[in-house]
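The values are calculated or read from the model by the stated rules, or taken from the named source; none is laboratory data. Worth saying up front: this structure is predicted, and the values here are computed from it rather than measured. Here the Cβ positions follow ideal geometry from the backbone for every residue, glycine too, while neighbour counts run over all protein chains shown. The accessibility values were calculated without ligands, DNA or RNA, using every heavy atom of the protein model including side chains. Shrake-Rupley method; radii C 1.70, N 1.55, O 1.52, S 1.80 Å.
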Amino acid sequence: MLIFVSSTYRDLRDERSAVQTALQTGQAAPWGMEFFNSQPEQPLNVCLHELRQCSAVVLILGFRGGSLIPEREGLTYTAAEIEEARKLGRPVFAFLKTENGSWRNDELAGPVHTALDSFKAQVPQTCGTVSSFENLDELKYKVLASLQKWTEMGRPGARKTFVSRQDYFAPYECPTDFPRLFDFRQRLEGRSNELQLLNGFLSDTRQIVALMPGRGGIGKTKILHHWTSMIEGFNVCFLPPVAIWHRESDREVPSGDVLIVADDAHRLQELPKVLSLIQQLGQNPGRRVKLLLSARPSGALALRSSLARSFEPAQILELPTLERLRREDVRALAAELLGPDFAYLEDWLVGLSLDTPLVTVIGARLIAGGKLKSAAFTNEIDFRWAVFDRFIDEYTTALPDSGFPWRKLVDLIAAVGPTQARTDAFLSASESFLRVPRYEISQALDQLETHGLLVREHDRVHIVPDALGDFLLENACVNSRGETTGYADAVFRH
């Protein structure tokens, strides 16, 4: 694990050396300007490139500001490094040098003096808690203590394999000025039996792994969102389907009793590594380590086979396959989202969306927003298609009116996602397939990700939820008579 050391250099050589010693004591590798090879690029570009390779940053703020960046008025190189770290979401551990309890600015009056004052004032807002130090021993102690505490928490902010519950559900937060399918703010209806079984799984001393199967749109992720918000006594972390495994993945798991959750585990590429890690972590007799997998029924068979090879039957709990909600539960969900103005449509909405709670949620929001008329639909299949279709139309209409073929790009991501959409290979093939310049594709991907239709997990993007991706792909590949459109063949050729 690399930790970037950010500071001015000439006045803080001893402090940088003390931090490097502390990091090595904490089994981390320090990285900074002392270790850079000679490179022909601009110094700032080199620093920022090296910083991007690191898991966290230690900032030492002394009495000098260093050099200003020629092309960035009022910004020092140290300030630029911290700005980049915050953009990347890297944790920054800030340490302020003091003498007799006070900090001072030793720069002469002028631009550097002003820049240092400004940077020092911004550090608490951008980096959080700032620790002060008077001598090298105090600095080493505080750096090591911060590193150890961060490691015990599972190194949040540097995770490549696991993410916190908050980070996992962050992409689903609803932007106030843009359409969203759902944001989990509605109440969970009718899943008391499942919640009881999950609570029992946590308290059972024999059971280690639980499997929760259910088809797309039935509400698996909503259950996970609700249940994990109530858990006490366990640290919870999520494993994205495209998690990046590395030699220190185990260090990302918080200390103490822990529950690891893998939603859509049928897409999990590294299941053997997950199961091996669970066994490894569970060898500590004083620690409870559990794994919860949710999956579609079509993928549950392979998961069962893998679990049977790694665990005894008594260690595995398989929940009953999630069934559709009872009519009264769907009615409660519909009533919450339709509101009093559209309460007269509750029976109609329940009848057309009883099979899929996701459709109930989206349909109710479209109706309440005047985007869907009730008289047009009489059967469940047509209604489900119309709900997704109206949402995509509403979504793409809200995007910039630049003539870009938004729907074609969304269909393409539905076909190939999760995919590394930023690679030259993808952009080149997409440029040919969509017949638009690759820079426009790159800009469009940013727009779709910013506004929540695409979710990035490390270096891959995919459409959320899966049920919407299924609809888009089916709609592109099969016409209303059930005949192939040739779309899949075209995608595979490219």
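List of remarks:
- Sequence of Tyr439, Tyr9, Tyr172, Tyr77 from largest to smallest accessible area, 1.4 Å probe: Tyr439, Tyr9, Tyr77, Tyr172
- Dipole magnitude of region 1-154, debye to nearest 20 (Cβ charges: Lys/Arg +1, Asp/Glu -1, about Cα centre): 300
- Linear extension gain, Glu328 paired with Ala398, 0.36 nm per residue minus alpha-carbon span: 21.7 nm
- Degrees between helix 466-477 axis and first principal axis of the chain (Cα, 0 to 90, nearest 10): 60
- Accessible surface, 1.4 Å probe, highest first, among residues Met1, Met153: Met153, Met1
- The candidate values are [x] 0.96; [y] 1.00; [z] 1.02; the one derived from this structure for Rg/Rh (Cα atoms, Kirkwood Rh) carries the label [z].
- Part-to-part distance (alpha-carbon centres) for region 245-271 and region 469-489, which is given in Å: 35
- Overall form of region 420-494 per C-alpha gyration tensor (a/c, 1.5; a/b vs b/c): oblate
- Charging the Cβ of each Asp and Glu at -1 and of each Lys and Arg at +1, and nothing else, the dipole of region 422-494 about its Cα centre rounds to 180 debye.
- Axis angle, to the nearest 10 degrees, between helix 357-368 and the longest C-alpha principal axis of the chain: 90 degrees.
- The chain: angle of helix 380-398 to the longest principal axis, Cα-based, in degrees nearest 10: 40
- Cα centre as origin, Lys/Arg/Asp/Glu Cβ charges: the chain dipole, Debye: 860
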